[in-house]
Structure formats: C-alpha cells, structure tokens
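The values are calculated or read from the model by the stated rules, or taken from the named source; none is laboratory data. Quick caveat, the model's predicted, so the values are computed rather than measured. Cβ coordinates were reconstructed from backbone atoms using ideal geometry, including for glycine residues, and neighbour counts include every protein chain displayed.
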Amino acid sequence: MKKIITIIGARPQIIKSSAISRAIKNSFSHILDEIIVHTGQHYDENMSEVFFTEMNIPLPKYNLKVGSSSHANQTSEIMKGIEEILISEEANGILIYGDTNSTLAGAIAASKIHIPVFHVEAGLRSFNKSMPEEINRIMSDHVSTLLFCPTETALRNLKNEGISLSHTQKASIDTPHVYLCGDIMLDNSLYFSKLSDENSTILSELNLEKNNFILVTIHRNANTDDKTNLNSIFTALIQIQKETNLDIVLPLHPRTKKMMAEYLDETIIIELEKSKKIKIIPPVGFLDIISLEKNSKLIITDSGGMQKEAFFFQKPCVILRPETEWIEIVENGNAILANADEQKIVESTLILLNKTDFTYPELYGDGKGADFILTKISEYCQIN
C-alpha cells in the first residue's frame with residue numbers, strides 16, 4: 001500500500017479532490033492510501049466544512065488552520081506543517097491541485113525532501129505574473145514528477161517552457177512525465193448533477209424560474225479589493241438587470257461582502273437594497289451551485305472553475321477578468337472576457353444572451369479524468 005498526501009486549502013480544491021477520493025474508494029483503495037491535509041488557507045464553515053459532508057469526502061486527518069495572512073507568512077506556515085506531515089507519515093507522494101498558496105507550499109516542501117509531486121491542473125497559464133496564482137502554478141509545475149494537464153493548451157504551455165512531453169526515462173523531478181487527462185471537474189459535474197437534481201431546493205427557495213436568471217460570482221482580489229473595479233461591476237449588474245428584466249443571483253463570498261461594505265458607492269448600495277430582482281445570498285453548497293449553474297440563462301464570474309462549469313452545462317459566460325487559463329471557451333465563442341469594464345460587461349452579456357449558434361465540443365475530456373490520474377500515480381508508485 002502506497003501512502004499519498006492530498007493537499008487542499010480552498011473551496012475549489014475540496015471540490016476537485018472529491019473526484020480523486022471517490023475514485024480511490026471505488027477502484028484504487030487496495031493500492032493507494034490517501035491522507036487529506038486541509039491547510040486552512042481559506043476557512044468558512046459554509047465554504048469548507050459543508051462540502052465534506054454533502055460531497056461525502058473523507059474528512060482531513062490534519063488541519064493546519066493557517067488562516068489568512070500575507071503570502072509569505074501563509075506559504076511558510078503551510079510549508080512547515082506539510083513537511084512535518086510528509087516525514088511523519090513516510091509519504092510516497094504528494095497530490096496538489098491548481099494554483100493556491102497551499103499548492104505552492106506543498107510542492108516546495110515535498111520537493112525539498114525528495115518526495116514526488118503530482119500536480120493536477122498542470123500547465124495552465126494566464127501569462128500574467130502579477131497574479132499570485134500564476135507564480136504558484138509555474139513554480140509547482142517545475143518541481144513536479146507527474147504533471148496532469150486538463151487541456152491540449154496546457155500541454156503546449158509546458159512544452160513551450162522546456163518540459164519534454166515524451167520522456168522515456170523513469171519519471172522524476174528532472175524528467176517529469178506529462179499527461180493529458182481531461183478535467184476532473186467534468187467528472188464531478190457529471191456525478192453531482194444528478195444528486196443536485198434530487199436534493200437541491202435552491203430554485204424554489206429563491207423563487208427562480210429555470211433559464212430565466214443570471215448567476216454571478218465575484219471573489220478575486222483584483223475585483224473585490226479595487227474600489228473602481230468593484231463599483232464598475234455592480235453598476236453593470238444593475239444596468240443588466242434593468243435592460244433584461246432577468247433575476248440576478250449572487251452568492252456572496254465573505255471577502256466580497258466585506259469589501260462591498262467598505263468600497264461601494266452609497267447610490268449603488270441603495271439600488272441593490274431596493275431591487276427585488278437582484279438576489280444577494282450567503283455562500284451555498286456545491287449541489288446548490290450546480291443547480292444554479294444548470295438552470296441559469298447566463299453566468300457572470302471571475303471564478304476559473306465556474307467558467308468551465310458554465311461550459312459543461314452549456315451556459316454562456318461573461319468572464320470578469322482580462323485573461324483566462326481556459327482560453328478554449330473564449331476561442332470557441334462560449335465566453336467573453338470583459339474584465340471589470342462596466343460597458344464591456346453589459347455589452348458582452350447582451351451579445352451572449354442574443355446568440356443562438358453555440359457549440360460545445362469535447363474540450364475537457366470524457367469525465368473519467370480521476371481514474372486516469374490514479375492509474376498513472378499507481379503505476380509510478382509500484383515501481384518506486
């Protein structure tokens with residue numbers, strides 16, 4: 001039995017990890033023993049603990065409870081905690097997801113003590129190094145032993161950075177093996193879609209009509225912590241609601257809620273408070289989010305994960321960022337990059353609402369990414 005340490009620290013990673021944990025339980029439990037470490041990088045009961053319950057994810061054996069702080073402090077605290085766990089558990093490998101400080105801390109801590117790093121969502125690039133996530137993903141990729149890419153674009157990005165896609169030597173930090181595995185969030189979307197239909201009551205609770213509302217999420221620092229951007233986004237949402245007469249649903253991230261109180265102009269706050277069709281609600285669980293995504297008419301978001309989920313559920317998407325790691329959905333016409341530009345947000349929304357010729361090719365695999373990833377990890381562990 002080989003022992004794998006899974007690192008999670010933010011809500012998207014909890015969701016992603018559920019696909020791997022589910023596949024281990026179903027098909028790989030005789031080979032791999034998964035130990036989950038929650039770094040506590042982002043912690044809110046509605047945004048963390050509830051996910052373990054409703055998604056039936058094994059509870060973390062360790063919670064480092066690092067909380068919020070500067071990038072350096074947070075990353076260093078996570079590194080110290082992970083290193084101690086890797087050594088005490090005599091781990092055979094570490095599994096990291098995406099691009100958070102928890103991802104980077106796990107990659108550095110493990111690689112420094114010669115424990116192989118397996119990176120899920122390798123090769124994604126925004127080509128914007130002012131984003132902390134871009135630094136995290138680049139550095140994590142370059143100390144990994146197994147790199148699992150969700151898209152062809154991710155493969156090309158690694159190749160362009162000098163990582164060979166065809167190593168014949170045994171996989172190592174110096175000769176990493178790179179795989180196109182598809183996106184494990186497609187695994188989850190397919191699996192949890194039925195559970196959402198059976199269990200979520202969010203539509204009736206909010207009195208929403210199917211295909212007659214817009215779902216919005218805002219959480220990135222560049223939007224929440226910039227007064228101009230935050231006011232621009234909310235001004236656009238108010239205008240969109242008036243022009244379309246559609247309900248707008250906004251599950252509110254804790255940071256966004258805090259910054260709205262601090263930064264929003266009073267006139268915008270008054271407009272939001274008097275509007276009966278802009279529904280600002282607390283964070284919701286994954287099954288409710290899926291229900292909102294599946295039944296919306298359009299999605300407006302700065303979330304990387306929700307951009308893809310919009311595509312999975314065949315919903316057009318306005319992206320509140322100047323760039324995206326998921327460029328395929330933009331190139332295919334399913335999404336538009338609007339950044340925090342008020343006019344661009346409104347125009348993009350109206351364009352997509354009136355567009356009818358969408359296509360949804362198989363850009364993100366076949367929904368069996370977790371099984372592929374674990375097969376490759378198992379093969380690696382059996383010979384090391």
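Taking L292 and the conditions (1) in contact (Cβ under 8 Å) with a residue 40 or more places away in the chain; (2) under 21 Å from N157 (Cβ atoms); (3) not in a loop (DSSP other than H, G, I, E, B), which numbered condition does it fall short on, given that it satisfies the others?
L292 satisfies every listed condition except (2).
Can you tell me which residue in the stretch 349-365 is surrounded by the fewest Cβ atoms within 10 Å (Cβ to Cβ), limited to those that are under 19 Å from T151 (Cβ atoms) and in contact with an Asp or Glu (Cβ under 8 Å, 6 or more places away or on another chain)?
G365
Taking T375 as meeting all but one of (1) modelled with pLDDT of 95 or more; (2) surrounded by 21 or more Cβ atoms within 10 Å (Cβ to Cβ), write down the number of the exception.
If we test T375 against (1) modelled with pLDDT of 95 or more; (2) surrounded by 21 or more Cβ atoms within 10 Å (Cβ to Cβ), just (2) comes out false.
Yes or no, residue by residue, for (1) under 20 Å from the mean Cα position of the chain (by Cα); (2) loosely packed, with under 15 Cβ neighbours inside 10 Å; (3) modelled with pLDDT under 95:
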{"site": "F313", "(1), (2), (3)": "yes, no, no"}
{"site": "V318", "(1), (2), (3)": "yes, no, no"}
{"site": "A335", "(1), (2), (3)": "yes, no, no"}
{"site": "E347", "(1), (2), (3)": "no, no, no"}
{"site": "I383", "(1), (2), (3)": "no, yes, yes"}
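Output the residue which, of all residues in the stretch 275-330 that are in contact with a helix residue (DSSP H, G or I) (Cβ under 9 Å, 6 or more places away or on another chain) and acidic (D, E), is nearest to S204 (Cα to Cα).
So, considering only residues that are in contact with a helix residue (DSSP H, G or I) (Cβ under 9 Å, 6 or more places away or on another chain) and acidic (D, E), the one nearest to S204 (Cα to Cα) is D288.
Quick one: which of R137, R125 is assigned by TED's automatic domain parsing to the domain that holds L32, at pLDDT 95 or above, under 17 Å from P322 (Cα atoms) and of a type in the set (K, R)?
R125
Name the helices (runs of 4 or more DSSP H) wholly within the stretch 319-384 that hold at least 3 residues that are within 22 Å of S303 (Cβ to Cβ)?
Output list reads 327-331, 342-354.
Within the stretch 228-277, restricting attention to residues that are among the acidic types (D, E) and touching a strand residue (DSSP E or B) at 6+ places or on another chain (Cβ under 9 Å), which residue is nearest to S348 (Cα to Cα)?
Within the stretch 228-277, the match that is nearest to S348 (Cα to Cα) is D247.
Tell me the strands (runs of 3 or more DSSP E) entirely within the stretch 132-226 that contain at least 1 residues that are more than 19 Å from C317 (Cβ to Cβ).
Filter on the stretch 132-226 gives 146-149, 177-180.
G106 is checked against (1) under 19 Å from the mean Cα position of the chain (by Cα); (2) more than 15 Å from S140 (Cβ to Cβ) and fails just one. What number does that condition carry?
Going through (1) under 19 Å from the mean Cα position of the chain (by Cα); (2) more than 15 Å from S140 (Cβ to Cβ) one by one, G106 breaks only (2).
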